[in-house]
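Structure first, commentary second.
Derivation of every value follows stated rules applied to the coordinates shown; laboratory data play no part. What you see is a predicted model, and the numbers here were worked out from it, not measured in a lab. Reconstructed Cβ throughout: ideal geometry from the backbone, glycine too, with neighbour counts over all protein chains shown.
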Amino acid sequence: MESPFRSEEAAFRFLLVTIGAFALIVVASWISTWLGLVVFVVLTAGAIWAYMRQSGPRAPRTHVEHVGPEDEQRVLVIANETVGGEELLAAVGERALATRTRFLVVCPALSSRLRTWTSDEDEGRAAAQERLDATLTRLASLGIAAEGQVGDLDPLVAIEDAVRTFHPDEIVVSTHPEGRSNWLERGLVDAARAEFDVPVAHVVVDLDAAGRRRDG
Amino acid sequence: MTSHAEALHEHHGPPAANRSSRVDARVLGMLLFIGSEIMLFGSFFTVYFFVRVVNPTAPSTWPPPPYHFPVFVAGVNTAILVTSSFTMHWALQSIKRGHRAGFLAGMVLTFAMGAAFLTTQIVEYLHVGFNTSAGAFASVFFGLTGLHGAHVFVGLTLLAMVTIRGFRGHFSPEHHHGVELPGIYWHFVDVMWIVVYTTVYLI
């Protein structure tokens, strides 16, 4: 929702709308008090509906500067339940082989909104930390050194936080396949591509298929 | 927006605060301020509707006889205040396009009309024929219109600063944030007056 007082121009437009709306209310109330009340309620509801329908302002694109040695690439990996997935490990390994690369793996702490609002996040953070530790150990066993941290519940906020300190040259977002991924449904990959001016790669990890392969 | 390269190696201490809000900090400040203002006016309107509607001993006519509000004078005053929003808008549009003369004329006119509004309101108070001791309706009338008048006074102070700075050449098409924010405030004051005038004087 865009605020009617976001800028002078928006505030001026809002003033004009207010004048028109209240002129209608006054005329209606002169005809009948109840009609005036009805017009007031209808116009107020209409105004709220119109403002709620407006999409919010687009975030300015964040320029991420390269830091560190020229020949070093920094890759930020955002993953949660898929953090240990073979497809993701392969993507990380591919990048590690290609050039001198530093990795930061961020696992957003999965938690319900209710738990977040009541500060009951310990369980979610502990689970994320556990997955992260296992992945870092696995990467280390493959000879890939990586740092890791548990991030914000909102994956985009987790990325924003990590970008500010890590300055990645590339972001890798790992999700479940389409239809099973909450992040994809929320448009995380597109949002990250729109917000940051570094390449954002999307790796799909199918844990079910991997499980079937193991069982078979 | 830029993530500074020096942050990782040369910066000591915690990283700079993440500005997660998509709104410019100065505009966000003005929004929060206006939000608090809406709550303040809302409390006064609650009192108004209680006195006029909810109160079991509410008068059947508003204002209760033998008093009456100077609707016509307040209407003219409303027209003056609304016009001042147009000149404010004109002033900002002018400075955005680099028309300094238009900007200064707009600011002077806006200030003059705001001052005329406030003066007229003071004169109205002197001739309205009742004071706060005349009853709850009078307290509500002076409370609401006085609260708004105080906001007009604050707005006039801001406009005066902008006008003086404008004559000193402080604003340009690239730098006019100091005009934008008082402009938002002035339109807000205008919007609130539309609501006050409609509910107190007209309905």
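If R0 is 22 Å, the Cβ-Cβ spacing of B:Ala160 and A:Ile48 corresponds to a FRET efficiency of close to 0.05. Sorted into 10 angstrom bins from 0, the C-alpha pair distances of the range B:35-148 split as 13, 32, 30, 16, 8, 1 percent. The protection proxy used here, the mean number of other Cβ atoms lying within 10 Å of each residue, ranks peptides B:155-168, A:90-103 as follows, highest first: B:155-168, A:90-103.
Taking Cα centroids, how far is the range B:31-46 from the range A:18-33 in Å? Answer, in whole Å: 23.
By the count of other C-beta atoms within 10 Å, a proxy for reagent exposure, A:Asp71, A:Asp208 are ordered fewest to most as A:Asp71, A:Asp208.
Note on the protein assembly as shown: the C-alpha convex hull projects to 28.6 nm² when averaged across all orientations. Summing Lys and Arg as +1 and Asp and Glu as -1 over all other residues whose Cβ lies under 13 Å from the Cβ of A:Phe196 gives a net charge of -4.
Mean-square fluctuations from a GNM of chain A, with a 10 angstrom spring cutoff on Cα atoms, peak among A:Val26, A:Val105, A:Val198 at A:Val26. What separates the Cα centres of the range B:112-133 and the range A:155-191 is a distance of 59 Å.
Electrostatic tally near A:Arg102: other residues with Cβ closer than 12 Å to its Cβ, Lys and Arg +1, Asp and Glu -1, net -2.
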